[in-house]
């Protein structure tokens, strides 16, 4: 028995003919390991890359005590126990231009946001509550009651302390992380290499864009959709074009793809038709973990490996093969299957830790929807608010070949495995597409 099947044979609820969606996702992630290989990049090249080494703070952040707002720096011990406090202004402090000297008894310094806290000051009172009594030369500053020690002050090291981990390995670097790294004065960092994904469509009916459409043919949109989704994930995409429904041509394509990639994503050729060779070739060239998912759209989806599986404990470096995701041919089914299975798998291969599930939240469905039992359905929906409540309605016709339903949608309406038809007004779970599709 092959290594994948050895692993899966003892797994609970493993049915390669009809896996539940959540179980299929779990099994895929359990099998995968992050790819090997790191590279050092400048911070501006690190956006959306996955960190391979902890970023350790070389400095305290902030590096000095400073004011969190515009106001007046003073000694809390000078504040009256009751009523107002009258203090003498002795100078000003600006960001980048600190006050030279210290605050003595009965004194205060005008201070701006970000300015270094003057010596001996331990309280900043916001300017909006203070009164100034005088003509500028000998101003008296009137502080209202209710102030307290340490208010409106940020202490050195309050955000990060020197020697502490600022960002841990496995984090996908967003703009916030890029800003943190820059705030530490770090110019370069070590990230994981990009996941290499080979991509092709299969089918004699497919026609390349830019060529006349012959009778019975359709333009190959799936490759472009998949290219967009993989590119957004930061993959190095190897586009192998269209491969005809011929076992020899498909075998050659699989061998070539497995030799140059970490993962292979195909569309078409995974159902039970006479010309659908993907599943058969997967078994011949590697291993087939499963090939049917209890979902709609996207039921015929094959997952396995072309070539040998890395030994337990090894990273996902391509030494002798690549993971294979054989997606359906219908355009909507391709996108649904990609986001539910391929996307989390790519993140796992990329070294993202942890791989988080799609966030989902409840909404009231304003229209009835048909739903078959014993499968999870992903309808395409449009979110809106009505009387302060989140509501959702389907985009219209939900056929798996209607890519327009994805273009018009801003969320998936997720109808659970054991659920039946949905009535108008029923609560459903939705997954936002924003930033994904």
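The values are calculated or read from the model by the stated rules, or taken from the named source; none is laboratory data. Being a predicted model, the structure only gives us computed values, none of them experimental. We place every Cβ from the backbone using ideal geometry, glycine too, and count neighbours over all the protein chains shown.
Can residue 198 be described as under 34 Å from the mean Cα position of the chain (by Cα) and within 28 Å of residue 349 (Cβ to Cβ)? Before you say what the answer is, go through the steps one by one.
Details: under 34 Å from the mean Cα position of the chain (by Cα): yes; within 28 Å of residue 349 (Cβ to Cβ): yes.
So residue 198 passes the test.
From the list 115, 73, 140, 166, which one is surrounded by 13 or more Cβ atoms within 10 Å (Cβ to Cβ) and under 30 Å from residue 356 (Cα atoms)? Steps first, please.
Values: 115 fails: under 30 Å from residue 356 (Cα atoms); 73 fails: under 30 Å from residue 356 (Cα atoms); 140 fails: under 30 Å from residue 356 (Cα atoms).
166 is the lone residue from the list that is surrounded by 13 or more Cβ atoms within 10 Å (Cβ to Cβ) and under 30 Å from residue 356 (Cα atoms).
Specify the residue that is modelled with the highest pLDDT; the eligible residues are those in the range 227-246 that are under 17 Å from residue 269 (Cα atoms) and touching a helix residue (DSSP H, G or I) at 6+ places or on another chain (Cβ under 7 Å).
Filtering the range 227-246 down to residues under 17 Å from residue 269 (Cα atoms) leaves 240-246.
Then drop every residue that is not touching a helix residue (DSSP H, G or I) at 6+ places or on another chain (Cβ under 7 Å), which leaves 240, 243.
Values: 240: 95, 243: 91.
It comes out as 240.
Please state which one of 304, 316, 326 is surrounded by fewer than 23 Cβ atoms within 10 Å (Cβ to Cβ), touching a helix residue (DSSP H, G or I) at 6+ places or on another chain (Cβ under 6 Å), over 30 Å from residue 393 (Cβ atoms) and modelled with pLDDT under 95. Give the derivation first.
Numbers: 304 fails: surrounded by fewer than 23 Cβ atoms within 10 Å (Cβ to Cβ); 326 fails: surrounded by fewer than 23 Cβ atoms within 10 Å (Cβ to Cβ).
Every option except 316 fails the conditions.
Can you pull out the residues in the range 8-38 that are closer than 29 Å to residue 172 by Cα, free of Cβ contacts under 8 Å to residues at least 60 places away in the same chain and touching a helix residue (DSSP H, G or I) at 6+ places or on another chain (Cβ under 8 Å)?
Passing the criteria: only 30.
Only one of 9, 92, 18 is assigned by TED's automatic domain parsing to the domain that holds residue 231, farther than 30 Å from residue 234 by Cβ and in contact with a strand residue (DSSP E or B) (Cβ under 8 Å, 6 or more places away or on another chain); which?
Values: 9 fails: in contact with a strand residue (DSSP E or B) (Cβ under 8 Å, 6 or more places away or on another chain); 92 fails: assigned by TED's automatic domain parsing to the domain that holds residue 231.
Going through 9, 92, 18 in turn, just one is assigned by TED's automatic domain parsing to the domain that holds residue 231, farther than 30 Å from residue 234 by Cβ and in contact with a strand residue (DSSP E or B) (Cβ under 8 Å, 6 or more places away or on another chain): 18.
What tally of residues in the range 18-67 results from selecting those that are in a loop (DSSP other than H, G, I, E, B), within 30 Å of residue 155 (Cα to Cα) and over 20 Å from the mean Cα position of the chain (by Cα)? Outline the logic, then answer.
Here is the first cut: in the range 18-67, the ones in a loop (DSSP other than H, G, I, E, B) are 18, 20, 32-37, 46-49, 52-54, 57-60, 62-65.
With the extra rule that they be within 30 Å of residue 155 (Cα to Cα), the set shrinks to 46-47, 53-54, 57-60, 62-65.
Add one more test, that the residue is over 20 Å from the mean Cα position of the chain (by Cα), and what stays is 57-60, 62-65.
Matching residues across the range 18-67 total 8.
When the range 392-415 is examined, which residues are found to be at pLDDT 95 or above and surrounded by fewer than 19 Cβ atoms within 10 Å (Cβ to Cβ)?
393
Please pick out the residue among 221, 267, 261 that is surrounded by 13 or more Cβ atoms within 10 Å (Cβ to Cβ) and farther than 16 Å from residue 346 by Cβ. It would help to see each step written out before you state the result.
Working: 267 fails: farther than 16 Å from residue 346 by Cβ; 261 fails: farther than 16 Å from residue 346 by Cβ.
When all the criteria are applied, what remains is 221.
I'm told residue 218 meets every condition in (1) in contact (Cβ under 8 Å) with a residue 24 or more places away in the chain; (2) in the same structural domain as residue 247 (by TED's automatic domain parsing); (3) on the phi < 0 side of the Ramachandran plot except one. Can you identify the failing condition by its number?
Going through (1) in contact (Cβ under 8 Å) with a residue 24 or more places away in the chain; (2) in the same structural domain as residue 247 (by TED's automatic domain parsing); (3) on the phi < 0 side of the Ramachandran plot one by one, residue 218 breaks only (1).
If I filter the range 84-112 down to residues being in a loop (DSSP other than H, G, I, E, B) and over 48 Å from the mean Cα position of the chain (by Cα), which single residue comes out as surrounded by the most Cβ atoms within 10 Å (Cβ to Cβ)? I'd like the intermediate steps shown before the answer.
Applying the first criterion (in a loop (DSSP other than H, G, I, E, B)) to the range 84-112 yields 84, 95-96, 98-101, 103-106, 112.
Those left that are additionally over 48 Å from the mean Cα position of the chain (by Cα): 84, 101, 103-106.
Values: 84: 11, 101: 13, 103: 23, 104: 13, 105: 10, 106: 13.
Ranking the candidates gives 103 first.
Just the residues that are over 25 Å from residue 339 (Cβ atoms) and either at pLDDT 85 or above or surrounded by 23 or more Cβ atoms within 10 Å (Cβ to Cβ) (or both), please, taken from the range 282-301. So that I can check it myself, show each step before the final result.
Keep residues of the range 282-301 that are over 25 Å from residue 339 (Cβ atoms), which gives 283-285.
Within the range 282-301, 284, 285 qualify.
With (1) more than 21 Å from residue 333 (Cβ to Cβ); (2) without any contact (Cβ under 8 Å) to a residue 40 or more places away in the chain as the list, and residue 234 as the residue in question, which single condition is left unmet?
Just one mismatch for residue 234, condition (2).
Every residue in the range 143-163 that is within 30 Å of residue 350 (Cα to Cα) and exposed (fewer than 14 other Cβ atoms within 10 Å of the Cβ), please.
161, 163 - these are the residues of the range 143-163 that are within 30 Å of residue 350 (Cα to Cα) and exposed (fewer than 14 other Cβ atoms within 10 Å of the Cβ).
Please go through (1) at negative phi; (2) at pLDDT 95 or above for residue 150 and return the number of the only condition it doesn't satisfy.
Unmet condition: (1).
Please indicate, with yes or no, whether at least one residue in the range 202-214 is in the same structural domain as residue 260 (by TED's automatic domain parsing), within 29 Å of residue 352 (Cα to Cα) and in contact with a helix residue (DSSP H, G or I) (Cβ under 8 Å, 6 or more places away or on another chain). Step through it out loud before you land on a result.
We begin by selecting, within the range 202-214, every residue in the same structural domain as residue 260 (by TED's automatic domain parsing); these are 202-214.
Those left that are additionally within 29 Å of residue 352 (Cα to Cα): none.
Looking through the range 202-214, none of the residues is in the same structural domain as residue 260 (by TED's automatic domain parsing), within 29 Å of residue 352 (Cα to Cα) and in contact with a helix residue (DSSP H, G or I) (Cβ under 8 Å, 6 or more places away or on another chain).
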